[in-house]
Amino acid sequence: MSSFRYLVPLTTILLICCSKQHSAILYASTFSLFGYIAANWMIPRVGNAFIKIGLFGKDMSKPGRPVIPESVGAISAGIYILVMLLCIPFMFYKYMVTATSGGGYRDISVVEAGEQPTSFFPHDKLSEYLSSILCLESTILLGVADDLFDLRWRHKFFLPSIGAIPLLIVYYVDFGATHVLVPGFLQNWVQIPLIDLGAFYYVYMGAMTIFCPNAINILAGVNGLEVGQSIVLSLLALINDGIYMTLGHPNTWENHRFSAMLILPFLWVSMALYNWNRWPAKVFVGDTYCYFAGMVFAVVGILGHFSKTMLLLFLPQIVNFLYSVPQLFHIVPCPRHRLPRFNEKDGLLYPSRANLQETPAKGFFIPILKLLNFFKLIDLEYDDKGQLVSCTNMTLINLTLVWFGPRREDKLCRLILRLQFGVGILALIARHALGKVLFGHDNLWTID
């Protein structure tokens, strides 16, 4: 989407204003620009090196299926980690160097909007920051291993949760809240306003660290889509941060500043990658970027304490996963690749299909397929005898083509990204509107 080149800088500027020019946001924005410049310069120069070591793939949706460097998203991920490490002394400078009265005594540090005066170094915030970096580094290593060795799904599916252990330990030590608020209309029945989930809440957060990386990886296969959806999710998360830093209770400002500090550099290095991955792609992002991107959002949602809101932004990815379940669990035949079918004659993408004659779907699922076909949620093909021959592959990409007809690859990507952005905006509106209805108040405007 060419509008990204305007939305990304505009969102950054608005976020700086919403944060009242807080130093952490200013530093994050400045280093984000350096990260963008470095990534945009490096990505086109490493392609041949990646091809030489066997990291390449064929673009199945182009005439002649050209060979393109694969796993180049690792460059953006590596630069992000470097940017976050370089930010540390600047982010915490005001706590390390303060005005002193001499004799080795530390006086009260610099105070900014929404902060309390303190003479103590914020070790809790530094531990959250460092655990985030450690978690993301572990996820990047998983992605690199997948790109190099093509790990099986059953081997790699749960690995992100292992990388998230430092994150969950820091959450337990520094915050530790495991209760959820009971909706108002249920409180009269259960007689309690809060339910403490205990260890199950950590299971939920661990599941989130598994879902988010895999969700980005599943909704893929079109030039620019993996990194494009990550940019859209970043913009939506930053919009949410800006709203809280403008209208929210001061107690929420710190969490959303932390969120913005992590997302801003990610947004800019992703924008650099998008320049080379959008149609017609010069590089492929690889699994490394998909896992890394998903984990960024999981980390932000957990340590920013808005994991449920983050999952609302992932609604298209959740729908794509649920829609894909019959094929992922082989209830319906699942081919090796479920990419849209490219027609070289007109240059358009058509829904790809699963052959139901060679490998029939499970008998109990046939009526469900017919029901989905009735509601235009899948397209079924029959032979002259009325026997079921094939069905469209069950991905959101193919469903979009079923609904809107054949599209050129770049137009298909833009359409999906616009749907993602529109659904995300509606989700944010619904989150705050329904919060008032379900719980009697919305924490955006709650003052207590």
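With no solvent and one point on each alpha carbon, what is the Debye value of log10 I(q)/I(0) for segment 298-360 at q = 0.11, 0.21 Å⁻¹?
-0.46, -0.89
Provide Lys156, Lys345 ordered by accessible surface of protein heavy atoms (probe 1.4 Å), highest first.
Sorted descending by solvent-accessible area, the residues read Lys345, Lys156.
Whose amide H sits under 5 Å from the amide H of His249, counting only residues 5 or more places off or on another chain, with H placed in the peptide plane?
Answer set, sorted by chain and number: Thr446.
Dividing the convex hull volume of the alpha carbon atoms of the chain by its residue count, what do you get in Å³ per residue?
Here the figure is 170 Å³ per residue.
Please get the size of the charge dipole for segment 267-420, origin at its Cα centre, with Cβ charges of +1 on Lys and Arg and -1 on Asp and Glu, quoted in debye to the nearest 20.
300 debye
Kindly rank 3-9, 218-224 from highest to lowest mean number of other beta carbons found within 10 Å of each residue. Walk me through the numbers on the way to the answer.
Numbers: 3-9: 15.4, 218-224: 21.9.
Averaged packing, sorted descending, gives the order 218-224, 3-9.
Ignoring any ligand, DNA or RNA, what whole percent of the accessible area of the chain comes from carbon and sulfur when the probe is 1.4 angstrom? Please report the intermediate quantities before stating the final value.
Details: 14110 of 21280 Å².
Summing carbon and sulfur atoms, their accessible area is 66 percent of the total for the chain.
How compact is segment 18-95 by the rule of thumb for globular proteins, expressed as Cα Rg over 2.2 N^0.38 Å?
On the way: Rg = 17.6 Å, N = 78, 2.2 N^0.38 = 11.5 Å.
Here the answer is 1.52, to two decimals.
Is it possible to state the helix-based mean residue ellipticity at 222 nm for the chain, with each DSSP H run of 4+ residues giving -39500 (n - 2.57), the sum divided by total residues, to the nearest 500 deg cm²/dmol? What is it?
-20000 deg cm²/dmol
Using +1 at the Cβ of each Lys and Arg and -1 at the Cβ of each Asp and Glu in segment 307-361, identify which of Asn343, Tyr323, Thr309 lies farthest towards the dipole's positive end.
Comparing the listed Cα positions along the dipole, Thr309 ranks first.
On a straight-distance basis, which lysines could pair with Lys411 in a cross-link, Cα separation under 16 angstrom, same-chain partners fewer than 8 positions away excluded?
Excluding near neighbours in sequence, the set is Lys62.
So which lysines pass the test for Lys20, namely a Cα distance under 24 Å, with those fewer than 8 places away in the same chain ruled out?
Lys94, Lys125
Can you give the accessible area of Leu315, probe radius 1.4 Å, in Å² rounded to 10?
Roughly 70 Å² of Leu315 is accessible to a 1.4 Å probe.
With an 8 Å Cα cut-off and a minimum separation of 6 or more residues, compute the relative contact order for the chain in percent.
20 percent
Assuming a ≥ b ≥ c are the square roots of the Cα gyration tensor eigenvalues, decide whether segment 269-390 counts as rounded (a/c under 1.5), prolate (otherwise, with a/b larger than b/c) or oblate.
Taking the square roots of the gyration eigenvalues as a ≥ b ≥ c, segment 269-390 is oblate.
Which order do the peptides 378-387, 196-205 come out in when sorted by mean C-beta neighbours inside 10 angstrom, highest first?
Those peptides, ordered most packed to least, come out 196-205, 378-387.
Compute the accessible area per residue over the chain, keeping the other protein chains in place, probe 1.4 Å, unit Å².
Details: 21280 Å² over 448 residues.
Dividing the accessible area of the chain by its residue count gives 48 Å².
Classify segment 338-448 from the C-alpha gyration tensor, please: rounded if a/c falls under 1.5, else prolate or oblate depending on whether a/b exceeds b/c.
It comes out oblate by the Cα gyration axes.
Indicate the helices, whole DSSP H runs only, in the chain that combine a mean Kyte-Doolittle hydropathy of 0.0 or more with a Cα extent along their long axis of 18 angstrom or more.
Numbers: long enough: 4-18 (20 Å, 1.83); 23-42 (28 Å, 1.04); 73-91 (26 Å, 2.20); 123-149 (38 Å, 0.62); 199-218 (28 Å, 1.07); 225-247 (32 Å, 1.30); 250-277 (40 Å, 0.08); 286-303 (26 Å, 1.47); 315-328 (19 Å, 0.81); 409-439 (43 Å, 0.95).
Passing helices, by number: 4-18, 23-42, 73-91, 123-149, 199-218, 225-247, 250-277, 286-303, 315-328, 409-439.
Give the accessible area for Phe121 in Å² (nearest 10); use a 1.4 Å probe, count only protein heavy atoms, and leave out ligands, DNA and RNA.
Surface open to solvent at Phe121 totals about 50 Å².
Report the normalised scattering of segment 151-199 as log10 I(q)/I(0) at q = 0.21, 0.30, 0.31 Å⁻¹, calculated by the Debye formula with identical scatterers on the alpha carbons.
The computed values of log10 I(q)/I(0) come out as -0.78, -1.04, -1.07.
The values are calculated or read from the model by the stated rules, or taken from the named source; none is laboratory data. The structure presented is a predicted model; accordingly, all values stated were derived computationally and were not measured. Every residue, glycine among them, receives a Cβ derived from its backbone with ideal geometry; neighbour counts consider all protein chains shown. The accessibility values were calculated without ligands, DNA or RNA, using every heavy atom of the protein model including side chains. Shrake-Rupley method; radii C 1.70, N 1.55, O 1.52, S 1.80 Å.
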